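Asker: The following block contains the structure, expressed as structure tokens.
The values are calculated or read from the model by the stated rules, or taken from the named source; none is laboratory data. On a predicted model such as this, the values are computed, not experimentally measured, just so you know. Note: ideal-geometry Cβ built from the backbone for every residue, glycine included; neighbour counts use all protein chains shown.
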Amino acid sequence: MFVATHDPAWGQKLVAPTPSMGWNSWNHFAGRVTDADVRAAADALVSTGMRDAGYIYVNIDDTWEGTRDGSGVIRTNEKFPDMKALADYVHSKGLKLGIYSSPGPKTCAGFEGSYGHEEQDAATYAAWGIDYLKYDLCGYRDVMTAESHGDAAKSNQMMHDAYEKMHRAIVKAGRPMVYSLCQYGWDAVWEWAPSVGGNLWRTTGDISDNYDRMSVIGFQQAGLEKYAGREHWNDPDMLEVGNGGMNGDEYRTHMTLWAMLAAPLLAGNDLSKMSDDTRAILMNRDVIAVDQDTAGKQGTRVWAEGPKEIWVRELAGGGRAIALFNRGESDLPITLRLKDAGLKSGARAKSVWKGEEIRLAGEQTFQVPRHGVVLLVTR
């Protein structure tokens, strides 16, 4: 959730002291998204209570872009007749509006990118009232290929420079925006993204609404924890919770893993048609509290054996979040040894998905469903 702190480089409030939370249009609407869809999403974030739970960004992905006018200023297409009016509407709901572009001449979907118009576009976004920019490498890869002539180091430097160029343009425009680097983890982005202004950076390729893809993306974040912290977050892509491709246990694993990873929580479902189970997963306040914990420490895998994994995340105030994951194809027992989690016997914890308070012994075995999770939180 947004916390008023300061960054000397901006002289402004920090934009991502904890991982961003909100909704993005792509996973459900893809290229069909319209102004009306975005307004409906904003309305739903309020009416469902998601806004009050921390989901404050309403992010428009690709396909909003129109042509440029004679001066080179980007215009919206017919699906978005007035972006400033849309931003005003979203802001009136106590929410923030996000937008999408590419450092290339074209976006992933073939619409107008920001290549050669970075300062113009950042100024336009600021004038509209944009609060978040997802900047997708897609269309710039052809430029990198053409100009680097097979020199990988030159290609990577071009990529760094392109992202830094837009960051400088955002700062010059004068409106703080969350800056989301979307380039799929190339060139160990976690090592250099903060230096070019990134608040979050995609660490993987795109997610899909199935357990195999989600789990591959999520669990391969092990080892990246040292790169996460206030204003700087590893991003394993948007949430698929509620889109129908996974069962309840799998979606609870998805939500839990992202929270343990201190990942952005950007819902990608149709908010107007959420089941009670979907709502309960996305709005579980204990899980959200883990994700948004102010210590900003990403979780670590402390034990693994076959399809069983135990992850621990240190929380502000000395608490722990402990997640027992079963990646196997049948229900399995997983034994937690408290010393592995930095806890002593007798510690009290909440079993989050069951809503039960328990006292932990030195070793305790939990039955974990296929593709499921047990999440324990101590304070």
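Asker: Among the listed residues Gly197, Gly223, Gly242, identify the single one that is surrounded by fewer than 17 Cβ atoms within 10 Å (Cβ to Cβ) and not hydroxyl-bearing (Ser, Thr, Tyr).
Answerer: Just a single option satisfies the conditions, and that option is Gly223.
Asker: Out of everything in the stretch 1-26 that is more than 19 Å from Gly296 (Cα to Cα) and modelled with pLDDT of 95 or more, what residue ends up being surrounded by the most Cβ atoms within 10 Å (Cβ to Cβ)?
Answerer: This residue is Trp23.
Per-residue answers, yes or no, for (1) within 26 Å of Gly116 (Cα to Cα); (2) under 22 Å from the mean Cα position of the chain (by Cα); (3) in a helix (DSSP H, G or I):
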residue: Gly22; (1), (2), (3): no, yes, no
residue: Asn27; (1), (2), (3): no, yes, yes
residue: Gly31; (1), (2), (3): yes, yes, yes
residue: Asp37; (1), (2), (3): no, yes, yes
residue: Ala44; (1), (2), (3): no, yes, yes
residue: Val58; (1), (2), (3): no, yes, no
residue: Asp62; (1), (2), (3): yes, yes, no
residue: Gly66; (1), (2), (3): yes, no, no
residue: Arg75; (1), (2), (3): yes, no, no
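Asker: Determine if the stretch 315-325 includes at least one residue that is in a strand (DSSP E or B), surrounded by fewer than 21 Cβ atoms within 10 Å (Cβ to Cβ) and β-branched (Val, Ile, Thr).
Answerer: No, every residue in the stretch 315-325 fails to be in a strand (DSSP E or B), surrounded by fewer than 21 Cβ atoms within 10 Å (Cβ to Cβ) and β-branched (Val, Ile, Thr).
Asker: Here is a list: Asp61, Asp35. Which entry is touching a Leu at 6+ places or on another chain (Cβ under 7 Å), farther than 25 Å from Asn284 by Cβ and either acidic (Asp, Glu) or assigned by TED's automatic domain parsing to the domain that holds Cys108 (or both)?
Answerer: On the way: Asp61 fails: touching a Leu at 6+ places or on another chain (Cβ under 7 Å).
None of the other options fit; the residue is Asp35.
Asker: Are there any pairs, at least 6 apart or on different chains, whose C-beta atoms fall under 6 Å, with the first in the stretch 111-125 and closer than 14 Å to Arg168 by Cα and the second at pLDDT 95 or above and among the charged types (D, E, K, R), and if so, which?
Answerer: Close Cβ pairs (under 6 Å, with a partner that is at pLDDT 95 or above and among the charged types (D, E, K, R)) amount to Ser114/Asp121; Glu118/Lys165.
Asker: Of all residues in the stretch 55-71, how many are among the hydrophobic types (A, V, I, L, M, F, W, C) and free of Cβ contacts under 8 Å to residues at least 12 places away in the same chain?
Answerer: 0
Asker: So which residues in the stretch 210-245 are in a loop (DSSP other than H, G, I, E, B), free of Cβ contacts under 8 Å to residues at least 40 places away in the same chain and not small (Gly, Ala, Ser)?
Answerer: Asn210, Gln220, Pro236, Asp237
Asker: Moving on to the next point. List pairs: first in the stretch 17-40 and of a type in the set (Phe, Trp, Tyr), second assigned to a loop (DSSP other than H, G, I, E, B), Cβ under 6 Å, 6+ apart or cross-chain?
Answerer: Note: pairs meeting the criteria are Trp26/Asp61.
Asker: Out of everything in the stretch 263-298 that is of a type in the set (Lys, Arg) and either under 16 Å from Ala53 (Cβ atoms) or free of Cβ contacts under 8 Å to residues at least 24 places away in the same chain (or both), what residue ends up being surrounded by the most Cβ atoms within 10 Å (Cβ to Cβ)?
Answerer: If we take residues in the stretch 263-298 being of a type in the set (Lys, Arg) and either under 16 Å from Ala53 (Cβ atoms) or free of Cβ contacts under 8 Å to residues at least 24 places away in the same chain (or both), then Arg279 is surrounded by the most Cβ atoms within 10 Å (Cβ to Cβ).
Asker: Evaluate the stretch 165-184: report whether one residue or more is touching a Ser or Thr at 6+ places or on another chain (Cβ under 6 Å), crowded, with 19+ Cβ neighbours inside 10 Å and either under 30 Å from Val373 (Cα atoms) or not aromatic (Phe, Trp, Tyr) (or both).
Answerer: Checked against the condition, which is being touching a Ser or Thr at 6+ places or on another chain (Cβ under 6 Å), crowded, with 19+ Cβ neighbours inside 10 Å and either under 30 Å from Val373 (Cα atoms) or not aromatic (Phe, Trp, Tyr) (or both), the stretch 165-184 yields at least one hit.
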